[in-house]
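Inspection log for the structure reproduced underneath, given as structure tokens.
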Amino acid sequence: MEELLDILKSLHADVDFEKEEHLIDNMILDSFDIVTLIAEINDVFDVTITAGNIKPENFNSAKALYALIQKLEDED
Amino acid sequence: MFFTSYEFLGFITVLFILYYVIPGKYQWMLLLLASYFFYFVAGADYLIYILATTVTTWFAGCRIEQNVDRQRAWLKEHKSELSAEEKKEYKNRQKSIRVRWVLACLLINIGILAVTKYTNFFIANVNGILGAFGQPEKLSPVTLVLPLGISYYTFQSIGYLIDVYRGTTEAEKNPFKFALFVSFFPQLIQGPISRFGDLSQSLYERHPFKGRIVCCGLQRMLWGYFKKMVIADRILAAVSTIIGDPGTYHGAYALAGMLLYTIELYADFTGGIDITIGIAEVMGITVQENFHRPYFSKSLKEYWRRWHISMCSWFRDYVFYPVSVCKPMQEFSRFSRKHFGEVVGRRLPVYVSSFVVWSATGIWHGASWNFIVWGIANFVVLMVSEELEPLYGRFHERFSVDGRLSYKIFQVGRTFLLICCLNLFDCYTKVSDTFRMFGSILTASNWKVLWDGSLLSLGMSGLDYGIVAAGCGLMLLVSLWQREGSVRGMIARQPYGMRAAVWCGLFLLIVLMGSYGIGYDASQFIYNRF
């Protein structure tokens, strides 16, 4: 989780990613951020996030995103 | 049969009556018949194209879902016998079958769209290249039917297919119900490009007559007709005169044309979508909103989140994301970070994907270079804004302007002007004319035409300008009210006499000031041609 928070912080240092639960709904993360984020996550966690995984419910919070990463790791 | 024709009004009147007279379980069937009738009247030749898209997409969707079901059942049956590696291998094999169905269906449908819409554009470009190399032999353009609404229903069908592939929506088993989703007539001409998950339930379920809902739908339609007939169609004459003769109408005329076109585009497109949503609402069907007060945007990026929302989200979900996260792009991302450093390496893949999306958006709008350049111009402005973001941040901090009303108004005005400039590519079919007119605005010396009465010779009288100005004032007022909630809801809370006066007044305005008369032939909606 710490690694994920570091990646998120590098995109928006001013956001409290541990508490924020509406990253997409409140437009904190835009499509550019999401694509950058996916490239970093794929590298750091060695998973493959596909376009089909890009849903608000997977990206609205660091917790949800971490759950997606864990799910993809399990599938691998 | 345009939305603004008498035939169309007769058609929807009969449809609305029949819709609520027949038993609820037959309502969707009536809508399917009505949609195909509407399409048949527009051109019997078109039917084969929409049928081809419907049948291929429906069939591919069903096959994909059958494959998923089979995979699930097989894995359940052989759960104990398989190792994790074998399971993964089997899953990959099945996935490649599903991918093949998607690709085959995309090939057919994008192929139909490409052939019907872009063949002559391709021939014209080949001829241009041949001419540049001194080759006298030229290819002849071909006569092809461009089916009504093909860009919209093709994109809607592709969206459905990809959603089924991704597992975000279930495949529709009934081919007739699916045919209704593809051909639903109110949104066939100019969208919105609905998602199956959003529209289907509302489209197929029974809708008992509810006076309040019917009334709301009719009110929405009335507002749409006001914008289209009183404002957009009135401006059309002046805009056509200006852009039709760039040799005569340049400088201040081009500036006036640019501003008028931006107003016309808004009134025409949002008016058309109001009519679409209103017709659906009368029948109890919910169609997604396509605009969110776009001219109140404070940046171009925000504008594209608020204008033609369904198209933008379509390109984001089905082009931008898949291109951005595909394997080659991820490789490119690693490569660029390694060779160009973290900052450039992060941005480069996003910019490449954005370029692809904006070029595709441009060419989707029309088979012409001016649309492609329009798309690329949007891309350039968006990327430059993105790069300047930190600079803006420092400026806002230094001068403490963020949040100030005066600065917000400045940002809205600046964005509106930027949109007007970009729309210039949409106005002139020749890219060289656009640049020439843009240059002529910057170096104009004929400013006096704006007040010496010259604008009255463009096909709009003083009264027309007055009506357009009042109409714009009303649209602005309604947009401001919308920030507080539904305007129809606010009106509904007024005493009966007031409500009646508002809606009867709007109806009378359309009757008295609508741009029509004997032999009236309403202009098409601008977005029909896309």
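Read-outs: derived from the displayed coordinates by stated rules, not from any lab. Every value quoted in this text rests on a predicted model; they were computed, and no experiment measured them. Quick reminder, even Gly has a Cβ in these numbers, built from the backbone with ideal geometry, and neighbours come from all protein chains shown.
Phi-derived couplings, Karplus 6.51 cos²θ - 1.76 cosθ + 1.60 at θ = phi - 60°, listed residue by residue for the range A:44-58: 5, 9, 6, 10, 10, 8, 9, 4, x, 7, 7, 10, x, 5, 8 Hz, with x used for Gly and Pro.
Taking 8 Å as the Cα distance limit and 6 or more residues as the minimum spacing, I'd like the relative contact order of chain B as a percentage. That works out to 19 percent. Seen from every direction in turn and averaged, the convex hull around the alpha carbons of the protein assembly as shown projects onto 33.7 nm². Counting Cβ atoms of other protein chains within 10 Å of each residue's Cβ and taking the mean over peptide B:313-321 gives 3. Residue pairs exceeding 29 angstrom between C-alpha atoms, taken from B:LYS228/B:LYS430; B:LYS91/B:LYS117; B:LYS88/B:LYS338: B:LYS91/B:LYS117; B:LYS88/B:LYS338. Around the amide H of B:ALA444, modelled in the peptide plane, lies no amide H under 5 Å away from a residue 5 or more places distant or on another chain.
Taking amide H positions as placed in the peptide plane 1.01 Å from N, state which residues far from A:LEU23 in sequence (5 or more) or on other chains have amide H under 5 Å from it. Those qualifying (amide H under 5 Å, at least 5 residues apart or on another chain) are A:SER61.
Multiplying the residue separation of B:ALA469 and B:LEU259 by 0.36 nm and subtracting their alpha-carbon distance yields 74.4 nm.
Inter-chain Cβ neighbour count for B:339-350, averaged per residue, equals 2 (cutoff 10 Å, partner chain atoms only). Exceedance of the 20 Å cut-off in Cα-Cα distance is limited, within the set A:LYS63/B:LYS301; B:LYS301/B:LYS408; A:LYS63/B:LYS298; B:LYS25/B:LYS177, to A:LYS63/B:LYS301; A:LYS63/B:LYS298. The shape of the range B:6-209 can be summarised by an equivalent ellipsoid whose semi-axes, obtained from the alpha carbon gyration tensor, come to 35, 32, 10 Å from longest to shortest. Per-residue shielding of A:32-43, expressed as the average number of other chain Cβ atoms within 10 Å of the residue Cβ, stands at 6.
In sequence order, the range B:148-157 has phi-based couplings of 4, x, 4, 5, 6, 6, 5, 5, 5, 5 Hz under the Karplus curve 6.51 cos²θ - 1.76 cosθ + 1.60, θ = phi - 60°, and Gly or Pro positions carry x.
Listed from fewest to most Cβ neighbours within 10 Å, the set B:LYS448, B:LYS301, B:LYS430 follows the order B:LYS448, B:LYS430, B:LYS301. Comparing Cα centroids, the range B:133-188 and the range B:327-403 end up 28 angstrom apart.
3J(HN,Hα) couplings calculated from phi for the range B:286-301 with the Karplus curve 6.51 cos²θ - 1.76 cosθ + 1.60 (θ = phi - 60°) are, in sequence order, 9, 9, 5, 5, 10, 9, 9, 6, x, 6, 9, 5, 9, 8, 5, 4 Hz; Gly and Pro show x.
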